[in-house]
Amino acid sequence: MAEDIRQDKKANFSALTEHNNNGVTKISGLASNKTGASKKLVIKNFKDRPKLADNYTEDTWLKLRDAVGAIQNSTSIKYNLEELYQAVENLCSYKVSPTLYKQLRQVCEDHVQAQIHQFREYPLHCSLDSLSFLKRMNRCWQDHCRQTIMIRSIFLFLDRTYVLQNSLLPSIWDTGLELFRNHIVSDGAVQKRTVDGILEQIERERNGETVDRSLLRSLLGMLSDLQVYKESFEERFLMETNRLYAAEGQRLMQERDVPEYLHHVARRLEEENDRVISYLDQSTQKPLISNVEKQLLGEHMTAILQKGLSILLDGNRVMELALLYQLFSKVKGGLPTLLQHWRDYIKSFGGEIVGTPEKDKDMVQDLLDFKDKMDNVAQGCFNRNESFINAMKEAFEAFINNRPNKPAELIAKYVDCKLRAGNKEATEEEMERILDKIMIIFRFIHGKDVFEAFYKKDLAKRLLVGKSASVDAEKSMLSKLKHECGAAFTSKLEGMFKDMELSKDVMIHYCNIHLPPGNHRLTHTPQYH
């Protein structure tokens, strides 16, 4: 009887429990509704994973190998890609990853090795067919990349688990690059033929022919991806560039004038920069441009300046002068060399103005015009470079004092001419600008006492005979001289003005006292015309 009761209780408890698929046993809702009842979880062990069939691994690999072969031969794959991916995942789950990785690598290596024959058998002696060779190499490379991507998509689970966990193993993509590099591009004859063909195409483009830039971009990208760009291509490319532009620079310096040569150099630099953008590796830009600048500019700096700087400056060729400065700023030692020739030119040209007595009549005006011209070059063409502005000032000071006293005398006479009555060629604003320019030239002369003597004499004449064009202009000039040379320099000149004012007042006072009312001719302070 007791045994029956125990069996009945056990049956009732079983009715209150549920079993789920993962082996967890939980109390049924009926039991859990009881006050104070607790849930009880019972964990059961997972069932043992079923073993693979004896021939599963081999059959699955054969299926995967067939798929890889179809990809490599560009034929249709018999199996669904999702099915193939799942097969790789299954093999990896059963610790077959090392064997699978080795088998895949071997299949890929066998295929790549077979590709080399098409290039070794190619007629290497035929130079006219180099373009076809490049196209075949590019087609092989593009096919290899496309195939590697598809193969990796099938073996992605292997790539992201086993390969990723083994740092010494290259990924499937890197393995593809390694195989192509080792068995195709590293072959001496094939690599030489490929690089020779690329260099030939670049030389043709430099000579004005049209080439397939997309082909060059793809092949040079291949060399870069395979990490053989520098040693296999760039070194030879830079050597050929040096050779080409060294010969071109020598030839064109003899054949062309300087303005034309400068434009040619600028165009060449623009073309080479465009090549970097279009198909060369970015790392090539700096040494490439440096080589072009060295061969076309650095080797001919002195010759360019001796042959053409005076022509550019005499003709006021501002566009070419700006280009000259821009190009020389790129070359080591370019601007110091240009600066020295610029200084020498100013001394030579200015020395001719000052040192030719036959031109004394126009000396000051010629100096003002020359200074304006050089200012415009320094500001507009030489980028307001302080070194060039200072060199210009030094050069002016040097040549203007090569002939003592005469420039100072002529500057004083020039001022007298501008301030004399009857000079109606300038408004007040224009007169002020002229005086400012004269002061710039005045600063350069050493014989300022000579200027003072002539200026004082001419000022006295203008004041005594009433020939001054404008009192305001006279006072403005005195103010400028005082600011430049100090109060002591202009004290006597200012005294002359005070004496004239006093004389006018005395004359008016005399007239008011001694002349009859109807004959008063001076009832106001005389004004200068």
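Using a ≥ b ≥ c from the Cα gyration tensor of the range 360-438 (square roots of the eigenvalues), is it rounded, prolate or oblate, where a/c under 1.5 gives rounded and otherwise the larger of a/b and b/c decides, a/b for prolate? Cα axes put the range 360-438 in the oblate bin. Packing order of peptides 254-264, 434-444, highest average first: 434-444, 254-264 (average count of other Cβ atoms within 10 Å over each peptide's residues). Spacing of the modelled spin labels on Cys417 and Asp360, each 7 Å from Cα toward Cβ, amounts to 1.3 nm. For the range 304-444, the convex hull spanned by the alpha carbon atoms encloses 117 Å³ per residue.
Here the 3J(HN,Hα) profile of the range 188-204, calculated from phi with Karplus coefficients 6.51, -1.76 and 1.60 at θ = phi - 60°, is x, 5, 5, 5, 4, 5, 5, 5, 4, x, 5, 4, 5, 5, 5, 5, 4 Hz, Gly and Pro shown as x.
Evaluating 6.51 cos²θ - 1.76 cosθ + 1.60 at θ = phi - 60° for every residue in the range 57-63, the Karplus couplings come out as 4, 5, 5, 5, 4, 4, 4 Hz, glycine and proline recorded as x. Distances between placed amide hydrogens fall under 5 Å for Asn405 paired with Gly447, all partners being 5 or more residues away or on another chain. For the pair Glu484 and Lys39, the difference between a 0.36 nm per residue extended length and the Cα-Cα distance amounts to 149.6 nm. What FRET efficiency comes out for the pair Asp436/Gln165, r = Cβ-Cβ distance, R0 = 56 Å, nearest 0.05? For R0 = 56 Å, the calculated efficiency reads 0.10. In terms of the mean number of neighbouring beta-carbon atoms within 10 Å, the peptides 352-359, 449-456 order highest first as 449-456, 352-359. Ordering of 206-219, 150-163, 71-84, 375-388 by packing is 150-163, 375-388, 206-219, 71-84, highest average first (other Cβ atoms within 10 Å, averaged per residue). Once the Cβ-Cβ distance between Arg146 and Glu231 is put in as r, and R0 is 25 Å, what FRET efficiency do you end up with, to the nearest 0.05? That gives a FRET efficiency of 0.40. Taking amide H as placed 1.01 Å from N in the peptide plane, the amide H of Arg420 sits under 5 Å from that of Ala469, each at least 5 places away or on another chain.
Bear in mind these aren't lab numbers, they're just calculated from the coordinates by the rules spelled out. If you're wondering where the values come from, they're calculated on a predicted model, not measured in any experiment. No Cβ is skipped: glycine too gets one built from the backbone with ideal geometry, and neighbour counts run over all protein chains shown.
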